[in-house]
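Working notes, structure below.
The values are calculated or read from the model by the stated rules, or taken from the named source; none is laboratory data. Fair warning: this is a prediction, and the values are worked out from it, not measured in the lab. Note that each Cβ is placed from the backbone with ideal geometry, even for glycine, and that neighbours are counted across all protein chains shown. SASA here: full protein model, heavy atoms, side chains in, ligands and nucleic acids out. Shrake-Rupley method; radii C 1.70, N 1.55, O 1.52, S 1.80 Å.
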Amino acid sequence: MPRLPGQRYSRQGHPWGCPLTYFIAGIGSTLLLVLSLWVVVPAPTRAFLPLAVGAPEISPWLILGNLLFVLGGLLTLSPGWGSRLIVAASCLALSVSLVPLSQLSAANRAANQALVQVVGADYAAADPVVLSPTLQGKLRPRPFVLADSFRGIAIAPVRETAGILFAKPDGVPLTLDLYQPNHPPGQPPGLYPAIVMIYGGAWQTGSPADNAPFARYMANQGYVVWAISYRHAPGYRFPSQLEDVQAALSFLKAHAQEYETDADRVAVLGRSAGAHLAMLAAYQPGPLPLRAVVDYYGPVDLLKGYYDLPNPNPLDVRSVLETFLGGTPDQMEARYGAASPSHAVTAHLPPSLLIYGGQDRIVEAKFGQAMAERLRAAGNPVGLIQIPWADHAFDAVFNGVSNQLALYYTERFLAWALRP
C-alpha cells in the first residue's frame, strides 16, 4: 500500500499501531491510574471505603502493573499523542502507587522507637530470643517482606472451635471462637497466654469470625485467641457492649484450664469499635487482671469525636455515635464521658500499644496521639505507631503493606507483655 502524505507507521508497519493494542493499553492504564489514585484520595462516602482502604495495601501490585504499562508503552507503541498519553498516565499512576513504600522506612524507624518507649530501652526488636526462646524463628523477620505482598503470609493450621456460648444476657446468645496452638507431637497440653480479640463494625455489625487470619497467625505463635462477640446497637446501647466483654473475661477466668489458657497472662486486642471496648475493659476494674491492650484505630474520646468531625466523613460519625449511645451529647453528656477510654485513664494501667492510620477519616490519628499523651502523662507505658499512608481497617488486607508493619510490632509487643 502506498504511503500517504503525513502518515506515520508503527514498528509493525501499521498506521499508529494496532487499534486493539491501543484500546487495551488505554483501558488498562486508565484503570490502574484510577486504582492508584485511591492511595492518596480519601473516600468521600461509605461506598468508596473499600477502594481507599485497599489501594495502599495492594500498592506493590499496582507498582508492578504500572511499571509494565510504562515499559510496554515505551517499547511497543508507535510514537504519537496516543502513546504519550498512555505512558504519561502510567507514570503518574506509578508515582502515586509508590507512596506507601517511599514512606515505609521512616514509618518503621518511628514505630521501632515507639516500641522502645513502651517496653524499655534494653529491648531489641530484631532479636526474638530477648522476648522468649520459644519464639525464635516464629516472629516475622522484617517489618515488610515484599514477596509476602504477592504470595500472602503463610499460616499453618491450628485448632479451631467456633460457637462456644459464654453468656446469654436478655436471652441473646453470645458466643466466641477459640483458636488454639497445635501440640508438639508426644508432648502433653500446657497453658498458653491468651489474646482476647474484639471485632469492629461501628458497634453495629461484625462477628467473632472477623479477622480470622490474624487469630490463626497468633495461635501459631503460641497463644490461645479468644475471639468474642457482643450485643449490637441500636438494639442494645452502651454499656451493654462493655458488660458483654466483661462477661467473656469472666468466662475465660472460669474455664481457663479447660481451654489451656493461663489466666494470669491475658491481653485484650480490638479493632475500631472493638478497640474502644478493649481499652475500656483494660482501663477499668474487671474479672481478671489484663497484662496489655492493643488498640487498632479505636475511638478514644467520643465527646470530642462528635464535634471534631473528619473531612470527608464517609461513615457519618455523629450518626454512628448517636446510634451507639442513644442520643446527642446535649442529651446525655455523662454517657459520652463514661464511654470514652480517655476519661478512664489513671495511673498504673496495663501497657498500651496504639496503632492508627494517617489517612483515616473515621477515627483520625490525632485522637490516638492525644490518647498516647494522656496515658504517658499519667505515667503509663504506651507506644503509638502511626502509619502515614494507611486508612481505617487497613489490616483487612492481611498481607498488605500496613498490616505487615503493624503485625511486626504487635507480635513483639504481645510477646514482651505476655512473657512468663
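Quick notes on this structure:
- Folded to 0 to 90 degrees: helix 273-282 orientation relative to the chain principal axis, Cα: 30
- Protein heavy-atom accessible surface, 1.4 Å probe, per residue over the chain: 43 Å².
- Computed from the alpha carbon atoms alone, the convex hull of the chain holds 166 Å³ per residue.
- Alpha carbon centroid spacing (whole Å) that separates segment 155-173 from segment 189-262: 8
- When DSSP beta bridges are restricted to pairs lying wholly in the chain, around 30% turn out antiparallel.
- Nearest-20 debye value, segment 316-420 charge dipole, Cβ charges on Lys, Arg, Asp, Glu: 400
- Gln117-Glu243 pseudo-label distance in nm [points 7 Å out on the Cα-to-Cβ vector]: 3.8
- Estimated vicinal HN-Hα couplings, Hz - segment 333-341 in sequence order (Karplus 6.51, -1.76, 1.60; Gly, Pro = x): 4, 4, 5, 4, x, 5, 8, 9, x
- Between the beta carbons of Ile155 and Leu51, assuming R0 = 22 Å, the FRET efficiency works out to 0.25 to the nearest 0.05.
- Listed by chain and number, the lysines placed with their C-alpha closer than 24 angstrom to that of Lys304 are Lys366; residues fewer than eight positions away on the same chain are left out.
- Qualifying lysines (Cα of each under 27 Å from Cα of Lys253; at least 8 residues distant if same chain): Lys168
- Charge dipole of segment 269-384 (Cα centre as origin; +1 on each Lys and Arg Cβ, -1 on each Asp and Glu Cβ, all else neutral): 320 debye, rounded to the nearest 20.
- Inter-part distance where segment 372-397 and segment 32-96 are each reduced to a Cα centre, Å: 30
- Computed from phi, the 3J(HN,Hα) profile of segment 194-199 under the Karplus parametrisation 6.51, -1.76, 1.60 (θ = phi - 60°) reads 10, 10, 8, 10, 10, 6 Hz, with x in place of Gly and Pro.
- GNM flexibility winner over the chain from Phe398, Phe48, Phe69 (Cα, springs under 10 Å): Phe48
- Taking the accessible area of the chain, probe 1.4 Å, and keeping the other protein chains in place, the carbon and sulfur fraction comes to 61%.
- Heavy-atom accessible area for Glu373, with the other protein chains in place and a 1.4 Å probe, reaches approximately 120 Å².
- Annotation: Thr205 carries an accessible surface of approximately 80 Å², with a 1.4 Å probe and no ligand, DNA or RNA atoms counted.
- When the chain is treated as a GNM with alpha-carbon contacts under 10 Å, the residue of Val266, Val34, Val345 showing the greatest mean-square fluctuation is Val34.
- Within the chain: Cβ-based charge dipole about Cα centre, in debye rounded to nearest 20 (Lys, Arg +1; Asp, Glu -1): 1240
- Figure note: Thr328, Thr410, Thr346 ranked by solvent-accessible area, largest first, 1.4 Å probe, ligands and nucleic acids not counted: Thr346, Thr328, Thr410.
- Within the assembled protein chains, the solvent-accessible surface assigned to Arg361 is about 50 Å², based on a 1.4 Å probe.
- Residue-by-residue Karplus 3J(HN,Hα) for segment 167-179, coefficients 6.51, -1.76, 1.60, Hz, glycine and proline x: 6, 9, x, 6, x, 8, x, 10, 10, 9, 9, 10, 10
- Cα-based helix-to-principal-axis angle, 401-417 vs the chain, degrees rounded to 10: 20
- When the helices of the chain are scored as -39500 (n - 2.57) per DSSP H run of n ≥ 4 and the total is divided over every residue, the value at 222 nm lands at -13500 deg cm²/dmol.
- Between His348 and Leu191, the distance separating the two model label sites (each 7 Å from Cα on the Cα→Cβ line) works out to 2.3 nm.
- Largest mean-square fluctuation among Ile387, Ile58, Ile86, in a Gaussian network model of the chain whose springs join Cα atoms under 10 Å apart, belongs to Ile86.
- Summarising the amide proton neighbourhood of Tyr192: residues at separation of 5 or more, or on other chains, whose placed amide H is nearer than 5 Å comprise Thr261, Asp262.
- With Cα atoms, 0 to 90° folded angle of helix 365-377 axis to the chain main axis: 30
- Sites Ala88 and Tyr307 - FRET efficiency at Förster radius 35 Å, r taken between beta-carbons, to 0.05: 0.20
- With a simple spin-label model that places each label point 7 Å from the Cα along the Cα-to-Cβ direction, the separation between Lys138 and Thr30 comes to 5.2 nm.
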